[in-house]
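What follows draws every value from the coordinates through simple rules; no lab data is involved. These numbers were taken from a predicted model, which means no experiment stands behind them. All Cβ positions, glycine included, derive from the backbone under ideal geometry; neighbour counts span all protein chains shown.
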Amino acid sequence: MACACSVGWHDMWRGRSERRRRIFQKEKMKLRFVLTVASASLVAPFCFAQNAPAMATNTDKRFDISVDECARLSRQALEREGYRIGNSGGTWVYGTRAIHHAFMNCHAVPSGSNWVIVVASSATDAAVPSSERDILQRRMEELAGSGGSRPVLNGRWISLGQGDALPRNAVLGGRERDGRQQAVCHAFHEGNVLPGKTVGSSCNVAYGGREFHAQNFEVLVGNTDENLWAAPTAQGSNFYAGQEGGQQIRACRAEITVEGSNVGLHLGKEVRGHCYMGYGGIEYVTDRYQVLYNSR
């Protein structure tokens, strides 16, 4: 089966302003992606027009998993690489991350399944979507090869006081601006149990617009696995790290930017679809974050 696509993009827009050219390039990338996704989902082609988005297939491999399991792992692969999941169907899933748009579609083969990965990126360098596609391909092979085994937190809380050293198996998840790691902790504050981050010998929590430093707190010990951190709507078993206002809440983490400078990945509490974190005595809030799961 042959497939080809040719569009006179530059002829159509030669001589137009730079602003219109940039707008057109963006729309062209979107159109290419839509056309490629449609082709992949309908006929799973293995030839694309020149400059089309990068595509990866594993047609030379077969994994002993069902199409349904393949689709579940596709979603998991995207989430673990930081993608936000968009539309999805029975065998396919679509996600976005920064400049990348990724489409993954599973197919049944004798005694197993395989998949197609398509990545489109708003970048002029063709190597950018290809590199992103390869990352997703490796992640899928890793998940499928392990049978999709799920990491488990196995978490429990250990009481610490001022000056006590962190346990060796403390669950890590954040980092300070200077690279120091933060462990998940929680502390009592105004009748609540608030998840936060370890900083030195204290547990720092956010509340009421401020950051508070607790000297007596509990730290979470268990399995430090990056795969247990994912988007708040990801598939997984919830782990509740505290309570506020009588409601159970999860531990979360997000990047904090101050005056245009990234100051680290900070741990905090999830409340009503937002992550609240303390830094520099101030409470920061965002709706772009990850939460800690018990298993995924």
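Each of TRP115, TRP157, TRP92, TRP229 has some number of other Cβ atoms within 10 Å of its Cβ, and from fewest to most they run TRP157, TRP92, TRP229, TRP115. Residues in segment 202-236, backbone N under 11 Å from the label point at PHE188 (7 Å along the Cα-to-beta-carbon vector): list them, ranges by number please. Only 216-217 pass the distance filter.
How do the peptides 243-249, 136-142 rank, highest first, by the average count of neighbouring beta carbon atoms within 10 Å per residue? Let's see the in-between values first.
Details: 243-249: 13.9, 136-142: 17.9.
Going by the mean number of other Cβ atoms within 10 Å, highest first, we get 136-142, 243-249.
Between the amide H of VAL171 and those of VAL184, LEU220, VAL221, GLY222, distances stay under 5 Å, these residues lying 5 or more places away or on another chain, with hydrogens modeled in the peptide plane. By the count of neighbouring beta-carbon atoms within 10 Å, fewest first, PHE63, PHE239 end up ordered PHE239, PHE63.
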